[in-house]
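As structure tokens, the structure follows; a few thoughts come after it.
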Amino acid sequence: MYRISSQLSEKIKHFATFPQTGVSLRQMVMFGQNPTQGTLFKASQFLSEELPIRLAHRVKELEELPHNLSDMPSIIRVKNWYAQSFQDLVEFPSKEMTPALKDLAKSLNRQSEMQALPENSPNLAMPNGNNQSGRKGVSLSHRYHSAMDGQEWPVEMHSYNERFTKMIEAVKRRHDPVVTTVAQGILEFKQQKRSHTVDTDIQAFLDRFYMSRIGIRMLIGQHIALNKGPSRKDYVGIICTKTNLADMAQEAIDNAKFICEDYYGLFRGPEVHLHCKKDLEFMYVPSHLSHMLFELLKNSLRAVVEQYGTECDEYPPIKLIVAQGKEDIAIKISDEGGGIPRSGVPLVWTYMYTTAPSQHLDPTFDKSDFKAPMAGFGYGLPISRLYARYFGGDLKLISMEGYGTDVYLHLNRISNSDEPLP
Ligand code: ADP
Ligand code: MG
């Protein structure tokens, strides 16, 4: 089993004293258009610093959880993954860089220091009380766009970029089972405490922790995609500059209906009526959008089927309405599934709250996004809200008990909102 050496532990503590640097969707798109090997190298330099800082914050938090939660075996496993990835990242440059690349990296560091505000790098400076504010607000594009392009770069840069990408791909894979394993840790904790409830401080921790995970995976996913070379039309890495809402919504409807009909053994499940302009496009990460739509639609389908029973011939249709505003795209999903009692509404945002038969946790079952088949994990709503908030949007739910539920998904159109950094 992996163990954190005391030396590594010190290093993690050191990195955890530095603030994280947010990256907005717009910055990622600006940076990622037609990247050269030089820009990709700079991005790897940014990630070599930013990812260890983010990981170190998480290790620290996992060590300091309230009520002995830190001692649960699954939580310790997760903490070790974070520490191991931290180690992989901080050791990579010194192991893999040739002297020429090291010089280049140093000169880039100097450039970005000169350009971009008073900046402290954990690799250069020892932390003191004051440098906390230094890095905050350093714009990514600032750090990326400099004299570098058009310059000759060492021939070994390409292979360095490739190996760096492989390394962070392995890191991403290592963290695939994090959501399920943390959930397992909470179960261990509940069993030990013989309690069914999870305190609000633990809920808040989970929100921060999963939000941070979304951000880390976004940065890694984007870097991997950019390194794989020119991607599909209208894509910058994993961001689609022309995400078509009607297409995405229809796909989510088809998938959710398929799962629903399969799960309940229905010949024909509830219909979903889509109201959306065919040519409505905006900049977003399609995988995030489909995750949210799929989860919300499954919830509505389940509510309607359970309200009317599996023998019903004609269910009241679910409506999915997309509105295009100047500031945001709002999506409303309305169902007549009987709603949620008012006292139950706050609970739906808590992790592991479900009224479906509980699903067995299996960390090998879903690799990345914790897609429960139909329902039963109680992660659908809280995780979807994190995705929405990650790019400055939000998710709200209004219930009319005895009739049905409306959920409102607001997605920022301008998308230069600051990345939330827990
Ligand atoms: P899960 O679907 O795994 O139960 P969610 O987080 O998606 O987890 O939803 C939590 C709970 O919220 C559901 O179990 C259900 O009780 C309630 N809920 C969510 N959406 C609806 C809806 N549209 N109508 C009625 N109840 C809902
Ligand atoms: Mg659900």
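Read-outs: derived from the displayed coordinates by stated rules, not from any lab. Model, not experiment: these values are computed from the prediction. Note that we place each Cβ from the backbone using ideal geometry, even for glycine, and neighbour counts take in every protein chain shown.
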* Each residue of region 158-164 in turn: what ³J(HN,Hα) in whole Hz from Karplus with 6.51, -1.76, 1.60 and θ = phi - 60°, glycine and Pro shown as x? -> 4, 6, 4, 4, 5, 5, 4
* With runs of 4+ DSSP H residues as the only contributors, calculate the mean residue ellipticity of the chain at 222 nm using -39,500 (n - 2.57) per run, divided by the residue total and rounded to the nearest 500. => -16500 deg cm²/dmol
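Using a cut-off of 13 Å between beta-carbons, work out the net charge of the residues near I202 (Lys and Arg +1, Asp and Glu -1, I202 not included).
Values: positive: K190, K193, R208; negative: E61, E64, E188, D199, D201, D207.
Computed value for this residue: -3.
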* **Table column - 3J(HN,Hα) (Hz), region 396-409, Karplus curve with 6.51, -1.76, 1.60, x for Gly and Pro** => 10, 10, 10, 10, 10, 4, x, 10, x, 10, 10, 10, 10, 10
* Structure fact -> Here FRET efficiency (C-beta to C-beta, K106 to K228, R₀ 25 Å, nearest 0.05) is 0.35
* Evaluate the charge dipole of the chain about its Cα centre and quote only its size in Debye, nearest 20, assuming +1 on the Cβ of each Lys and Arg and -1 on the Cβ of each Asp and Glu. => 980
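Restricting to DSSP loop positions (anything but H, G, I, E, B) with no more than 14 other Cβ atoms inside 10 Å of their own Cβ, which trypsin sites (Lys or Arg not before Pro) remain in region 304-345? If you can, show how the numbers build up before the last one.
On the way: sites: K319, K326, K332, R342; in loops: K326.
Here the trypsin sites (Lys or Arg not before Pro) that fit, given the DSSP loop and packing criteria, are K326.
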* Asked: Picking from N161, I318, Y263, whose Cα lies most toward the positive end of the charge dipole for the chain (charges on Cβ: Lys, Arg +1; Asp, Glu -1)?
  -> N161
* Asked: From the backbone phi of region 63-72, what are the Karplus-calculated ³J(HN,Hα) couplings (6.51 cos²θ - 1.76 cosθ + 1.60, θ = phi - 60°) in whole Hz, Gly and Pro given as x?
  -> 6, 10, 5, x, 6, 6, 4, 4, 8, 5
* Quick one: grab Rg to one decimal and Dmax as a whole number for the chain, Cα atoms only, in Å. => 22.9, 72
* Put +1 on the Cβ of each Lys and Arg and -1 on the Cβ of each Asp and Glu in the chain; which of L206, I216, Y353 then has its Cα farthest toward the positive end of the dipole? -> I216
* **region 1-110 shape via C-alpha gyration tensor axes, a/c threshold 1.5** => prolate
* To do: Sort D279, D394, D406 so that the residue with the fewest other Cβ atoms within 10 Å of its own Cβ comes first and the one with the most comes last.
  => D279, D394, D406
* To do: Report the chymotrypsin sites (Phe, Trp or Tyr not before Pro) located in region 257-322 that are in a DSSP loop and have at most 10 other Cβ atoms inside 10 Å of their Cβ, or state none.
  => F267
* Structure fact -> Helix 6-15 sits off the longest principal axis of the Cα atoms of the chain, rounded to the nearest 10 on a 0 to 90 degree scale, by 80
* To do: Please report I168, I333, I76 as a ranked list, fewest other C-beta atoms within 10 angstrom at the top and most at the bottom.
  => I76, I333, I168
* Structure fact -> Given Cβ charges of +1 for Lys and Arg and -1 for Asp and Glu, the option among H14, Y2, Q33 whose Cα lies farthest towards the positive end of the dipole of region 1-98 is Q33
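If each residue's Cβ is checked for other Cβ atoms within 10 Å, how do S334, S358, S85 rank with the fewest at the top?
Working: S334 19, S358 11, S85 24.
With the fewest neighbours first, S334, S358, S85 line up as S358, S334, S85.
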* To do: Report, ordered by chain and residue number, the aspartates and glutamates lying within cross-link reach of K95, taken as a straight Cα distance under 19 Å and ignoring same-chain residues fewer than 8 apart.
  => E49, E50, D103, E156, E162, E169
* If the limit is 26 Å between Cα atoms, which of K277/K319; K278/K298; K193/K396; K233/K319; K298/K326; K102/K233 go over it? -> K193/K396; K233/K319; K298/K326; K102/K233
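Could you pull out the GluC sites (Glu not before Pro) across region 278-353 that fall in loop regions by DSSP (anything but H, G, I, E, B) with no more than 14 other Cβ atoms inside 10 Å? Write down the numbers at each step before the final one.
Working: sites: E281, E295, E306, E311, E314, E327, E336; in loops: E311, E314, E327, E336.
Answer in residue order: E311, E314, E327.
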* Asked: When only C-alpha pairs under 8 Å and at least 6 residues apart count, what is the relative contact order of the chain, in percent?
  -> 17
* Among Q222, Q33, Q87, whose mean-square fluctuation peaks in a Gaussian network model of the chain (Cα, cutoff 10 Å)? -> Q33
* Asked: Taking amide H positions as placed 1.01 Å from N in the peptide plane, with prolines and chain starts having none, which residues 5 or more places from L397, or on another chain, fall under 5 Å of its amide H?
  -> Y408
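If you take every residue apart from K102 with its C-beta less than 12 Å away from the C-beta of K102, what net charge results, scoring Lys and Arg +1 and Asp and Glu -1? If you can, show how the numbers build up before the last one.
Details: positive: K95, K106; negative: E96, D103, E156.
Charge balance in the 12 Å sphere: -1.
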